[in-house]
Each structure stands twice: as C-alpha cells, then as structure tokens.
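Below is one structure, written out as structure tokens; the observations come after it.
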Amino acid sequence: MLTGTRRLRNTGFTVIELLVVVAVVGLLAAVAGPGMAAWVRDSRLTAASESLTNGLRMAREEAIRRSHGVVFTTTDDSPGLTSAAVAGGRNWAVHQVPRATETLDYLRGGFLLEGGGGTTVTGPAAVCFNSLGRRVANAATGVSGATCEIGADPMFATFTLTQAGSSRSVRITISLNGQVRSCDPAAAGGTVNACP
C-alpha cells in the first residue's frame with residue numbers, strides 16, 4: 001500500500017566528480033596555454049601592422065583627395081597638431097604639409113602599440129606624399145622632427161614590425177609611386193604574402 005511518501009533524490013555533484021572536472025579543465029588549460037599565448041602575440045602584431053598600413057594608405061588618399069602634400073609620422077605623443085615625429089613611435093599622425101602662407105593642419109591619427117605588448121616598430125619617422133600620391137622627399141613638413149627622405153633604397157620606404165617571443169614579423173613597404181604593401185619576410189617566394 002502506498003502511503004503518499006516520495007523518495008527524495010539527491011541532486012548535485014560528488015567531491016570525486018568535481019575533482020575530475022577540475023583535473024580535465026586543468027589539463028585543457030595546460031595544453032591550450034602556449035597556443036593561446038602565441039595567438040595573443042600574433043594578434044598584437046597583426047593589429048599594429050594593420051593600423052600602420054591603414055594610416056599610410058589614408059595619408060596617401062588624403063594627399064590625392066586634397067591635391068596637397070601630406071606627411072605621415074610615427075610619434076610617441078598622442079596624435080594631434082603638435083605631435084612630434086619619432087622613428088619607431090607608438091602612435092601615428094597625418095598632417096597636411098603647409099604651404100608658405102598656411103599653418104600646419106592635423107588630419108588624423110591612430111595607435112600602433114596600445115598597451116605595449118612587446119611589439120617593436122622600426123622605420124622612418126616620416127613619409128611624405130605629394131598631391132599625386134607619390135612618395136617624395138621634403139625637409140619642410142612643418143612637423144617637429146619630420147624630415148622625409150628618399151633613402152639608400154630609393155624604390156621603397158620600409159617599416160618592420162616584430163613581436164617579442166615570436167619568430168614572425170611584418171614588413172610594410174611604400175613604393176615611390178605611393179603603393180603601400182604589407183608582407184611576411186619569412187614567407188616563401190611565390191606565396192601570396194611573400195615580400196618582394
């Protein structure tokens with residue numbers, strides 16, 4: 001005969017089940033940790049190279065659109081009207097090069113190395129574009145520390161980005177005609193992202 005009592009069921013986890021779950025999570029973290037660290041390093045390098053590439057392309061497009069000389073600089077200052085050019089800077093800025101009767105005009109800026117992260121940028125402090133979008137020399141840019149030169153390799157101005165702890169690097173080249181290209185120096189010739 002049923003008396004109307006129900007049997008209560010225990011719900012939840014036992015200590016052994018919890019220990020198994022913790023062990024599995026720990027094992028997965030140990031296996032995924034090095035891969036995750038490499039992914040973070042590569043992400044920082046990719047973000048910095050995309051910012052630099054986009055800034056250079058924007059500077060060239062502004063020179064053509066305005067039919068006026070433009071200077072792209074790397075800087076350690078916050079991007080703005082008074083940001084001084086520094087080779088290997090943590091940020092970038094674009095200014096319209098003033099003519100004799102004009103004052104310096106700040107157009108746009110961006111960040112390359114937000115939060116550090118071990119990314120290093122090497123390359124010129126300034127790259128100038130003329131009204132046709134071509135890379136040119138210019139000693140009178142109006143920006144402190146910014147002198148645009150056509151270097152030892154007149155065909156290209158080059159930036160190289162490296163990441164601490166990574167064997168990967170990115171090279172960004174600006175040809176004399178102003179074309180901006182990003183490539184991987186370690187890529188085998190003939191592959192899509194190989195450097196010339």
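Every read-out reported here was derived from the displayed coordinates using simple, explicitly stated rules and does not represent laboratory data. Because the structure is a prediction, the values reported are computed rather than measured. Cβ sites come from the backbone with ideal geometry, for glycine too, and all protein chains shown count toward neighbours.
Taking other Cβ atoms within 10 Å as a rough exposure proxy, Val15, Val136 sort from fewest to most as Val15, Val136.
Altogether, the Stokes-Einstein calculation at 25 °C and 0.890 mPa s, with the Kirkwood radius of the chain over Cα pairs as Rh, returns a diffusion coefficient of 126 µm²/s.
Taking Cα atoms only, the orientation of helix 15-66 departs from the longest principal axis of the chain by about 20 degrees. Amide hydrogen proximity for Val136: with H placed 1.01 Å from N in the peptide plane, the residues at 5 or more positions away or on another chain lying under 5 Å are Cys128, Phe129, Asn130. The stretch between Thr158 and Arg108, if pulled fully straight at 0.36 nm per residue, gains 15.9 nm over its current Cα-Cα span. Judged by the ratio a/c of the largest to the smallest principal axis of the C-alpha gyration tensor, the stretch 59-161 counts as oblate, that ratio being 1.5 or greater while a/b is no larger than b/c. Note on the chain: helix-only mean residue ellipticity at 222 nm, from DSSP H runs of 4+ residues weighted -39500 (n - 2.57) and normalised by residue number, equals -10000 deg cm²/dmol.
Remark: Ile174, Ile150 ranked as Ile150, Ile174, counting other beta-carbon atoms within 10 Å and listing the fewest first. Under 5 Å from the amide H of Ala146 lie the amide H atoms of Ala85, each residue being 5 or more positions distant or on a separate chain, with H modelled from the backbone and absent for Pro and chain starts.
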